[in-house]
Structure formats: C-alpha cells, structure tokens
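Okay, structure first, notes after.
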Amino acid sequence: MKKTFVFLYLFLSLSIFVAAQDPHFSQFFASPLTLNPAFTGKFDGTLRVAGNYRNQWPAFNNAYTTSTLSVDFDILKDKLPDYDRWGIGILALTDRAGSGVLTNNYLGISTSYQKSLDEDGFKQLGIGFQGTYGQKRLDRSKLVFEDQLTPFGFTGVTQETFVNNNLNINYLDVNAGLLYSMSTDESNNFYVGASMYHINRPSQSFQGATWNIATRTTVSAGGYFPVSDILTLHTSGIYQYQNKSSETVFGGALAAVIDSKSQEPSNVYGGLWYRLNDAIIPYVGLEFAGLRIGATYDINVSSLKAGSQSRGGMELSLIYIKKPAGFKGIPCPKF
C-alpha cells in the first residue's frame, strides 16, 4: 500500500533530494568553493576563511538548513612565475532537510592554478579541481506516516518497512571549473567562469531504487568598479542547470567607504539580487579589518509565496581575508 508523509515540508524535502539537486545559496558570491573550484586561492591576501548559513522556508519549520565552512590559501609563491598562483582549499558542508530527517555532509579538497596572461598580472586564466567525500543519512526515527494517526494524535505504530536497511550512503565526487579574470587598473576587476559538479555522477540508492546525482553546470560572472570617490559598485550573476531544473540570479550592491584613511578601509554594503521567477533578495553587509559580514532575506514572489508566507529564507555569510602589512597583490574577484 502506498503511503505518504504527513508533513508537506517533509515531502518537499525528500522529493527534491530524490531528484538529486544540490543545496544552493542566495549569496553564491560569498561561497567561492561551492561556486567554482577555480576560485580556490583566488583572492587578494594570504589566507581566506569563509562561512555560510542558510535557513530556507522557515515557515515550514526548518525545511532546509545549510551550513558551510571553507579555508583556502596559496602555496609555493616564491617558486612560481610572477603573478601566478597555486591555491589549496578545504570545504565542509552540511545540509539538513525536514528538521534533520535527511542529512547530507560533504568534505572536499580543492586546488587551482591561476596563470598570468600579461606582465602586470591583470589578466589571468585559472583552472580548478575538487574532490569530495559525501555522506547521506536518513533518520527513520523522525519519520511520521499516515497510518500512525489515532484519535489521540500520531501515536500509532507504522507498518511501513524499508527494503534497504542501510540508510547511510557514502560516495566520492569530482568537480572542476575554469575562470578568467581581468582588470584595467588596480581599482577594478571583472570575471567570468564555468564549473561542473558531480562530473562522475556518483550513484545512490534508497528503498531498493538506485539513481545517479545529476551533473550541475554553473556559469557565473561579476565584477566591481568605482563610481565615485567613496562608492564602488559590485555586481554578479549566476546560471545553474541540474536535472532539468535551472536557476538564474543576478544583482548588485553599492559599497560606501566609511573609513578611507585606514590601510584596509571599512565599508557598508547595500543592494539587491533577484532569482528569476522566484524571489527578491535584499542584501546588507559590513566590512572592516579584513572581515566581511553579509545578510540576505529571500522574499518569495512566485506561486509558492502563499505557502511560504513570502518567507523564502534567511542567509548569513562571513569572509575573512588575512592580508599582512605591506602585502601587495593584484586585483581579484571580491566576494
């Protein structure tokens, strides 16, 4: 007998993951190692630490919560040609669906090489690779089925059985990307890149059925440039395609200098991104002493807004870049 999950949010969670779609961030521009492995080590400094937290559809009682933490840096700087850069990075991600019914954990190692195409290092071409260990776990103790409903609530014992008792799935994944960036002077930078995740399409199984994670193809572009003595415009956009589903997000933010005399000026950010046919995404940020904090809140404008109460999701990002005194790099994409 076919049974269905009682809670709508749980149904949504499992159905989307069965389709093998990846977690995503509205602040994709603040999660470099989940955007493109070629961004590994591509920043103006010696060490970068990035963290992200997203709570999607809070109206459905934490339908999705996603957290990431990454660290990347460059190596062998003195042994490479001028302005070339070899980056190494580590990425950890955890994603919980249906209040922890389904949990995905990832641990990845990234590397990229940025090759200078001119004598000033203003034009660079990068290639990156990422290997990931993934684990998917289903917690049966948190599942509630319709045959458990009694006059006293969901207190009955379900007759649901699982064909596959091994509800922990482990797999290895391969990702890769390309990146081109350029600057006309030291005050601006522009980039365009493409990446593919799940190139090897690792297989997974649940309830006797087996499926492969669909390859995710991503194209992203962005840049920043000054528009006045104290204002800089940051823009970015992304297109992703996976498993017959696509996502297009674009927008920008203005950064205003509030401490122009410091070696690392403090800035406040305000802007807006838009996910096509889905959500408006206001953004605010603060940057000081190498640390940048960003916050967004998705406002649903699609047909889902009735169920989500227009609450698409809250997201926070944090990026810290270590830049020793006297360090002189070249303009890089800025997140």
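When +1 charges are put on Lys and Arg Cβ atoms and -1 charges on Asp and Glu Cβ atoms, the dipole computed for region 246-296 relative to its Cα centre reaches about 60 debye. The residues packed around Ser183, meaning those with a beta-carbon under 12 Å from its beta-carbon, carry a net charge of -3 if Lys and Arg are +1 and Asp and Glu are -1. Couplings 3J(HN,Hα) for region 291-299, derived from phi with the Karplus relation 6.51 cos²θ - 1.76 cosθ + 1.60 (θ = phi - 60°), are 10, 10, 10, x, 9, 9, 9, 6, 10 Hz, where x marks Gly and Pro.
In the structure shown, do any of Lys42/Lys244; Lys123/Lys244; Lys77/Lys334 have a Cα-Cα gap over 29 Å, and if so which?
Lys42/Lys244; Lys123/Lys244
Averaging 1/r over every pair of different alpha carbons in region 192-268 and inverting the result gives a Kirkwood radius of 15.8 Å.
We did not get these values from a lab; they are worked out from the coordinates using the rules stated. All figures in this text were calculated on a predicted structure; none of them were measured in a lab. All Cβ positions, glycine included, derive from the backbone under ideal geometry; neighbour counts span all protein chains shown.
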